[in-house]
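The values are calculated or read from the model by the stated rules, or taken from the named source; none is laboratory data. Fair warning: this is a prediction, and the values are worked out from it, not measured in the lab. FYI the Cβ positions are ideal-geometry reconstructions off the backbone, even for glycines, and counts take in every protein chain you see. Heads up: the accessible areas ignore ligands, DNA and RNA and are worked out on the full protein's heavy atoms, side chains in. Shrake-Rupley method; radii C 1.70, N 1.55, O 1.52, S 1.80 Å.
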Amino acid sequence: MDARDALNTAANVGGAALKLKAAVAAAVAFLLFIFGLGIMAGGSGGTAYASSCGDRGQPDADSGGGEDWEDPKDPNPAKRFREQQIDNAKVIDGVAKEKGLSGRATLVALMTALQESTLININYGDRDSIGLFQQRPSQGWGTREQLMNPKTGRQYQAKMFFFGADSGSPRGLTDISGWESMPLWKAAASVQHPAKEYEKLYAGQESPARQIATQAGIDVDRPGKPGADTAGQTGGGTGGDDGANGDQEPEDCYQEGGAGTPGKAGEPFHDGNASWPESVKNPRSTADAIQWARNEAKNGGKEWYRACLAFVARAYGWSFSGTTYAIDHYRNMPQSMKHDKDRNPPPGALMFWSTKHRAGHVAIYLGGGNIASNDIKRPGYIDVVPATDIETKWGATYEGWAPPYFPAGG
């Protein structure tokens, strides 16, 4: 599917594309309507389909849409998003049942896909990660054509997750010795190999996975056929990172670049006077974007829960940002635009933080040491707060600032 931008899901849904392996309630009534896995429409006067942000002690919740998500005027994106999740769940379970695997195998797969892609078959991710499970062609999970084939790709992805490669590397779920009796999150992590501190993010997906399974008519308590659940097992123990997905620790994935004036965490931010490069062009001017953000903080509604990238994109006049994750938006900036650790951003700059979760956080610098940020005071709302609050209240790590550059925005 030709994914565009991320759509927000509920509080307990993890970041899509946890392929770092190291690596966010939206409008509450809206999310409850779809059982805690919703889509966030951002911004007054338009819909911003963009990524969400990690929050204190909770996983990120990012999801990618397919080509049928490209119309920002979609009257019912939540329904269509849920329909895609249910359809993908049925495909995964179909492979499991065909191969005689238990409902528990399906449950582990659904938890994994929710954490990796929010159960949406996205065609992008960290590095070359793609698909429901964010499998990497470069690490032996199959070619891009096999994984993303419109007719057979999802079945192929599920087969690889359950059984791995014929050579035994990478390993699938049934190659993990004792997976049937280990905690569900551990079984998922044993296939996906996140950094140790991120393994338990999969645990947060059990409840939404069971909800989707119920809606899809999937029996996650179904017993497997004798021997099927261990059909591909090679007995490699319960895990350790064998590099099958090419996973790295977070510090290896987010290299710093560009020159800046580093400061220390908690120190105040001061106004810089850098100008934007000529390539930075947005529907709204910097002054108008700042005013729009201030107005949203004063008069806006409860649409911004974990929708930081959606918010900053909308402030600058875009319907969507063109990037899945806030931290990736910074990481993918041209080197010359990144100002790592520099605590002197000019007003209108985008400021980025890495969190304990996949997506990270982004806010608009308003000047005077303040930012317009979602969720920091009131979940779902925008507030004007000191930029240092993201460090002191959320425990996030300031990465740097960059111009409001949205090369894939729309």
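Assorted remarks:
- Qualifying positions in the range 324-336 - touching a Pro at 6+ places or on another chain (Cβ under 9 Å) and either in a loop (DSSP other than H, G, I, E, B) or open to solvent by less than 10 Å² (accessible area, probe 1.4 Å) (or both): ASN332, MET333, PRO334
- Selection within the range 99-143: residues that are in a helix (DSSP H, G or I) and more than 14 Å from ALA209 (Cα to Cα). The member of this set that is least open to solvent (accessible area, probe 1.4 Å) is PRO137.
- Matching entry among ALA228, ALA165 (being modelled with pLDDT under 95, closer than 12 Å to LEU101 by Cβ and of a type outside the set (Phe, Trp, Tyr)): ALA228
- Filtered residues of the range 300-321 (kept if open to solvent by 10 Å² or more (accessible area, probe 1.4 Å), over 13 Å from PRO283 (Cβ atoms) and not basic (Lys, Arg)): GLY300, GLY301, GLU303, TYR305
- Out of TYR405, TYR381, TYR398, TYR365, one residue alone is aromatic (Phe, Trp, Tyr), within 21 Å of ASP271 (Cα to Cα) and open to solvent by 20 Å² or more (accessible area, probe 1.4 Å). It is TYR405.
- Test result for LEU366, assigned to a strand (DSSP E or B) and out of contact with any Leu (no Cβ under 7 Å at 6 or more places or on another chain): yes
- Filtering the range 168-207 to residues that are of a type in the set (Gly, Ala, Ser) and either modelled with pLDDT under 90 or open to solvent by 10 Å² or more (accessible area, probe 1.4 Å) (or both) leaves GLY168, SER169, SER177, GLY178, SER181, ALA195, ALA203, GLY204, SER207.
- Cross-chain or 6+ apart pairs with Cβ under 6 Å, the range 183-196 first and among the β-branched types (Val, Ile, Thr), then at pLDDT 95 or above: VAL191/LEU173
- Qualifying residue in the range 208-219 (condition: modelled with pLDDT under 80, surrounded by 13 or more Cβ atoms within 10 Å (Cβ to Cβ) and in contact with a helix residue (DSSP H, G or I) (Cβ under 6 Å, 6 or more places away or on another chain)): no
- Of residues in the range 144-192 being polar (S, T, N, Q) and in a loop (DSSP other than H, G, I, E, B), the one farthest from GLU116 (Cα to Cα): SER167
- Filter pass, LYS338 being among the charged types (D, E, K, R) and over 27 Å from GLY125 (Cα atoms): no
- Comparison of ALA310, ALA265 shows that the only residue that is assigned to a loop (DSSP other than H, G, I, E, B), over 30 Å from GLU98 (Cβ atoms) and either at pLDDT below 95 or touching a Phe, Trp or Tyr at 6+ places or on another chain (Cβ under 7 Å) (or both) is ALA265.
- Checking each residue in the range 337-351 for being under 16 Å from THR388 (Cβ atoms), part of a strand (DSSP E or B) and open to solvent by 10 Å² or more (accessible area, probe 1.4 Å) picks out only ASP342.
- Residue match in the range 80-89 (condition: at pLDDT 95 or above, among the charged types (D, E, K, R) and assigned to a helix (DSSP H, G or I)): yes
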